[in-house]
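Asks: Below you'll find the structure I mean.
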């Protein structure tokens with residue numbers, strides 16, 4: 001049977017300072033940008049009308065926008081999709097209000113009437129149409145936020161039941177890090193928040209927590225077997241022991257997501273992007289966030305085992321401690337040399 005990364009002895013926790021700097025550089029700018037400009041929300045959350053239209057000849061975007069403005073649909077966003085297709089979004093407040101008063105298809109009918117005048121009834125094909133009223137959009141936004149909070153709350157309950165509070169605290173903080181990092185990634189990539197993206201965030205929460213449970217389960221098993229081993233060394237050993245499983249699981253999942261990124265199309269691609277980043281950052285945080293946090297927690301509030309601290313002589317960033325040989329060891333060494 002093929003075995004990869006077997007019996008590795010990598011000192012992962014030694015790089016925790018470098019990891020902290022990388023995390024700060026990545027997340028802090030997003031924490032400034034998000035309150036200023038916010039996110040882009042899809043039609044499901046804001047209300048409005050979206051139409052994807054295919055033409056026989058490449059259309060002039062400026063001409064289409066001008067015609068729609070004159071036809072009573074101002075403030076539309078038009079994006080080219082491929083060569084002969086346009087995605088038309090009518091999310092401007094007046095369009096949403098008109099849609100609410102006249103029905104979900106009111107704005108879509110106006111867009112079709114304008115395109116009929118400009119290209120003729122047979123000059124284009126409507127590929128898809130999405131029309132959502134503002135009340136439905138508000139309800140979907142509340143439901144998405146509620147679903148995220150419920151998922152995170154259930155995760156907290158599970159951790160409180162599965163581990164002692166030191167493990168649970170480290171896992172929860174690492175998962176919060178993953179969520180914030182995913183939101184930062186969405187901001188940098190200008191990914192539109194849709195129902196698919198919310199599903200990706202929920203999946204990231206589950207995957208991230210599962211990866212941390214696997215690592216901490218191994219830490220707990222090793223704690224029972226090697227109580228005298230310093231926690232620094234034990235954490236490194238546990239991460240190395242779970243590394244083959246982490247690499248195999250992450251690589252196979254990323255291979256499937258790569259196929260979605262290439263062949264999934266524009267609708268599913270934001271979901272695949274968020275989930276791809278979530279798997280990478282979830283694996284990263286299990287090693288460089290959760291484990292150092294557990295070590296810091298143990299140093300701050302150490303457990304007592306046999307009257308001594310369970311952490312051992314090493315802490316974050318410390319070098320290996322050179323232990324002096326005992327008198328019995330020196331006598332045995334002298335006997336061997338004689």
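Asks: Quick check on residue 18: is it in a strand (DSSP E or B) and surrounded by 10 or more Cβ atoms within 10 Å (Cβ to Cβ)? Reasoning before the result, please.
Replies: Details: in a strand (DSSP E or B): no; surrounded by 10 or more Cβ atoms within 10 Å (Cβ to Cβ): yes.
No: the conditions fail for residue 18.
Asks: Counting only residues that are surrounded by fewer than 22 Cβ atoms within 10 Å (Cβ to Cβ) and part of a helix (DSSP H, G or I), which one in region 220-233 is farthest from the chain's Cα centre (by Cα)?
Replies: Within region 220-233, the match that is farthest from the chain's Cα centre (by Cα) is 225.
Asks: So, one more: For the condition assigned to a helix (DSSP H, G or I), over 21 Å from the mean Cα position of the chain (by Cα) and surrounded by 20 or more Cβ atoms within 10 Å (Cβ to Cβ), what is the one hit in 238, 208, 182?
Replies: Details: 208 fails: over 21 Å from the mean Cα position of the chain (by Cα); 182 fails: over 21 Å from the mean Cα position of the chain (by Cα).
Selected residue: 238, the only one of 238, 208, 182 that is assigned to a helix (DSSP H, G or I), over 21 Å from the mean Cα position of the chain (by Cα) and surrounded by 20 or more Cβ atoms within 10 Å (Cβ to Cβ).
Asks: Oh, and also: Picking from 68, 28, which residue would you name as being in the same structural domain as residue 187 (by TED's automatic domain parsing) and on the phi < 0 side of the Ramachandran plot? Please lay out each step first, then the result.
Replies: Numbers: 68 fails: in the same structural domain as residue 187 (by TED's automatic domain parsing).
Just a single option satisfies the conditions, and that option is 28.
Asks: Somewhere in region 261-273, is a residue buried (at least 23 other Cβ atoms within 10 Å of the Cβ) and touching a residue at least 12 places away in the same chain (Cβ under 8 Å)?
Replies: Restricting attention to region 261-273, the residues satisfying the condition of being buried (at least 23 other Cβ atoms within 10 Å of the Cβ) are 271.
Within this subset, residues satisfying the condition of being touching a residue at least 12 places away in the same chain (Cβ under 8 Å) are 271.
Taking every residue of region 261-273 in turn, at least one turns out to be buried (at least 23 other Cβ atoms within 10 Å of the Cβ) and touching a residue at least 12 places away in the same chain (Cβ under 8 Å).
Asks: Oh, and also: Residues that are surrounded by 14 or more Cβ atoms within 10 Å (Cβ to Cβ) and modelled with pLDDT under 80: list the helices (runs of 4 or more DSSP H) wholly contained in region 51-165 that include at least 2 such residues. Before the answer, list the steps.
Replies: Numbers: elements: 61-70, 93-102, 106-119, 134-162.
Fully inside region 51-165 and qualifying: 93-102, 106-119, 134-162.
The values are calculated or read from the model by the stated rules, or taken from the named source; none is laboratory data. Quick caveat: nothing in here was measured; it's all calculated off a predicted structure. Virtual Cβ from ideal backbone geometry, glycine too; neighbours counted across all protein chains shown.
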